[in-house]
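Novice: There's a structure below that I have some questions on.
Bear in mind these aren't lab numbers, they're just calculated from the coordinates by the rules spelled out. Just so we're clear, the structure is a prediction, and the values are computed from it rather than from any experiment. Cβ atoms come from the backbone with ideal geometry, glycine included; neighbour counts cover every protein chain shown.
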Amino acid sequence: MSKETLDLMLGLNRQELEIQIALQCAPLLTGRKISNLLTVDKRFRSAVLRLFRSSAVSCYVLYESDDRITFLLYVREKLEAYLRTEKVKKLMEEFGCSGCMLSKILYRVSERYRAHMEGKGDFPHEIGLLLGYPPEDVIGFIENRGQNPLYIGYWKVYSNLEECRKVFAGYDQAREKVIHMVSSGMTVKNIMELYDLHSRKLMAV
C-alpha cells in the first residue's frame, strides 16, 4: 500500500458502516472476488441487508454473537458457477454436500460455523470454497493443519504460488482504489454502480 493510500485510510472513520464494508470487501465491490466475509457490530444488521437489497450482491448471516454479526456477501451466479467446477464440486462432496443447492450449503456451513465459534465443533473448511479459495489450498490447509504454507496472503497458499500472488496483487489494487473512492466521498452503492454490481439482483437465499 502506498503512503498516500495509507494516509487516506488512517483518516477514515472506521466506525462508519460503509467504511467498514469498503475496507473489508473491496475485492468483491470491484468485481474481482465472488464473495467476502463482512463482520460488523450487530446493530448494523438491518442496514447491511438494506444496503445490498437492490444489488447483485446477496447477503447471508453466517454467525451472530451477542454484539457482532458475520455475513457472507456473494454474487450468486458467480459463486454457484464456482461450486459447479469439477475440483470444487468433488471437495464439497467430501465435506458432505453432494448435490446440495447453494441455500442448503449455506445453512449447513452456518450451523457448523456457529458450533465452532461456540466451542462445540471443528472449523468448517467449506468456508474456504465459499470464499473462492482454490480447492488445492483448502486441501493443503487441512492436510498440513494450517502449518507450512508456501505463502500467506488473503489465504494460506499450498500450490500455484505465482498465480495466487497475482490474485493477491489484484485484491490489493482493489483495496487501494476503494480507499481512494470512499475518501473522495463515494458510497458503497456508487462503487457497485461503477463496477456494474447495482442492477443485477439475483434471488437471495
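Novice: Can you give the calculated 222 nm mean residue ellipticity of the chain, where each DSSP H run of n ≥ 4 adds -39,500 (n - 2.57) and the sum is split over every residue, rounded to the nearest 500 deg cm²/dmol? Intermediate results must be reported in sequence, preceding the final value.
Specialist: Values: 10 runs with 106 residues, N = 205.
Value at 222 nm, helices only, nearest 500: -15500 deg cm²/dmol.
Novice: Right, something else. May I have the extent of the alpha carbons of segment 103-205 along their three principal axes, as whole Å values ordered from largest to smallest?
Specialist: 43, 35, 23
Novice: Distance check, please: which entries in LYS78/LYS120; LYS156/LYS189; LYS33/LYS189 exceed 21 angstrom between their Cα atoms? Display every interim value, and only then the final one.
Specialist: On the way: LYS78/LYS120 32 Å; LYS156/LYS189 31 Å; LYS33/LYS189 17 Å.
Pairs exceeding the cut-off: LYS78/LYS120; LYS156/LYS189.
Novice: Near LYS177, which aspartates and glutamates are there with a Cα under 13 Å away, not counting those fewer than 8 places off in the same chain?
Specialist: List returned: GLU4.
Novice: Assign unit charges at the C-beta atoms only (+1 for Lys and Arg, -1 for Asp and Glu), then state the dipole size of the chain relative to its Cα centre in Debye, rounded to the nearest 20. Before the final figure, lay out each step's value.
Specialist: Numbers: 30 positive and 26 negative charges, 98 e Å.
Value, rounded to 20: 480 debye.
Novice: Given segment 22-122, report the % of alpha carbon pairs whose separation exceeds 21 Å.
Specialist: More than 21 Å apart: 39 percent of the Cα pairs in segment 22-122.
Novice: Moving to a separate point now. Please compute the contact order of segment 19-138 in relative form: average sequence separation of alpha-carbon pairs under 8 Å and at least six residues apart, divided by the residue count, as a percent.
Specialist: With pairs under 8 Å counted, the relative contact order is 23 percent.
Novice: While we're on this one: For the ranges 119-129, 30-40, what's the packing order if you count other beta-carbon atoms within 10 Å of each residue, average per peptide, and put the highest first?
Specialist: With the highest mean Cβ count within 10 Å placed first, the list reads 30-40, 119-129.
Novice: Along each principal axis of its Cα atoms, how long is the chain end to end? Whole angstroms, biggest number first, please.
Specialist: Principal-axis extents of the Cα atoms in the chain, largest first: 46, 37, 33 Å.
Novice: Can you give me the relative contact order of the chain as a percent, contacts being Cα pairs under 8 Å and 6 or more apart?
Specialist: Computed over the chain, the figure is 30 percent.
Novice: Which one, ALA169, PHE141, THR187, projects farthest toward the positive side of the charge dipole computed for segment 123-193 from Cβ point charges (K/R +1, D/E -1)?
Specialist: Of ALA169, PHE141, THR187, it is THR187.
Novice: Could you give the size of the charge dipole of segment 1-120 about its Cα centre, using +1 on the Cβ of each K and R and -1 on the Cβ of each D and E, expressed in debye and rounded to the nearest 20?
Specialist: The dipole of segment 1-120 has a size of about 360 debye.
Novice: Let me ask something else about it. Once phi is turned into θ = phi - 60°, what whole-Hz ³J(HN,Hα) does the Karplus curve with 6.51, -1.76 and 1.60 give for every residue of segment 168-180, x standing for Gly and Pro?
Specialist: Karplus-based 3J(HN,Hα) across segment 168-180 equals 4, 4, x, 5, 4, 4, 4, 5, 4, 4, 5, 4, 5 Hz.
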